[in-house]
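These notes concern the structure reproduced below.
The values are calculated or read from the model by the stated rules, or taken from the named source; none is laboratory data. Source: prediction; values computed, not measured. No Cβ is skipped: glycine too gets one built from the backbone with ideal geometry, and neighbour counts run over all protein chains shown. These area figures cover heavy atoms from the full protein model, side chains too; ligands, DNA and RNA do not enter into them. Shrake-Rupley method; radii C 1.70, N 1.55, O 1.52, S 1.80 Å.
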Amino acid sequence: LACPLQLATEVQYYIALAVGCGLVALLFTMLVWPCREMMFLDKACIDQVDDEAKSDGIQSIGYFLSRSRRVIVLWDASYFTRLWCIVEFAASLKLSRTNTNMPEISMRPLGHATQTLLSLLVNTSLVVLKTLADMAEPS
């Protein structure tokens, strides 16, 4: 039987190797993959602190929407409680109905993100536990 400390060290090595390879692959993909689309993320692109700058940003939403092919709404229970979200959504609907080249609107519930992340975490944990159990068995 292998020492539990030795098993833990081996598992940490493989986990570090997997994470390192994943980061290298991510970096390579980001550097080499041609970027063909630009994105406007309202929460990041509109000032959240300065009220005057925020107002200017909200007034410019129509410009960004008129040049968009797709609008993805990351929806949660609070989405329609914020006035600028309502304005943005209504403007998207208006543009999509008045012009055939206007954005396609897609609603994505944020609750699914939590479920997906939890599922990924559980699956990864099960794989690690199975690997530890297999390594602990005598050959």
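The helix-based estimate of mean residue ellipticity at 222 nm for the chain, built from -39,500 (n - 2.57) per DSSP H run of four or more residues and divided by its residue count, is -21000 deg cm²/dmol to the nearest 500.
Please go through segment 44-73 and write out the trypsin sites (Lys or Arg not before Pro) that DSSP classes as loop and that have at most 13 other C-beta atoms within 10 Å.
Details: sites: 54, 67, 69, 70; in loops: 67, 69.
Loop-located and lightly packed - 67, 69.
Spin-label model, residue 129 to residue 97: label points 7 Å out along the Cα-to-beta-carbon direction sit 5.2 nm apart.
In a fully extended conformation the segment linking residue 110 and residue 87 would gain 6.3 nm over its present Cα-Cα distance, using 0.36 nm per residue.
Full extension of the chain between residue 74 and residue 43 gives 10.1 nm of extra length, using 0.36 nm per residue less the Cα-Cα distance. Give me the percent of the accessible area of the chain that comes from carbon and sulfur atoms, probe 1.4 Å, all protein chains in place. It is 66 percent, rounded to a whole number.
Per residue, what volume in Å³ does the convex hull of the Cα atoms of the chain enclose? Can you show the working numbers first?
Details: hull volume 25.5 nm³, N = 139.
Convex hull of Cα atoms, per residue: 184 Å³.
Taking the solvent-accessible surface of protein heavy atoms with a 1.4 Å probe, what is the per residue accessible area of the chain in Å²?
Numbers: 11220 Å² over 139 residues.
The answer is 81 Å² per residue.
In terms of Cα atoms, the Rg and Dmax of segment 24-94 work out to 15.1, 43 Å. Placing +1 on the Cβ of every Lys and Arg and -1 on the Cβ of every Asp and Glu, with no other charges, gives the chain a dipole of roughly 560 debye about its Cα centre.
Round to the nearest 0.05 the FRET efficiency obtained for residue 136 and residue 32 when R0 = 41 Å and r is the Cβ-Cβ distance.
Numbers: r = 41 Å, r/R0 = 0.99.
Calculated transfer efficiency: 0.50.
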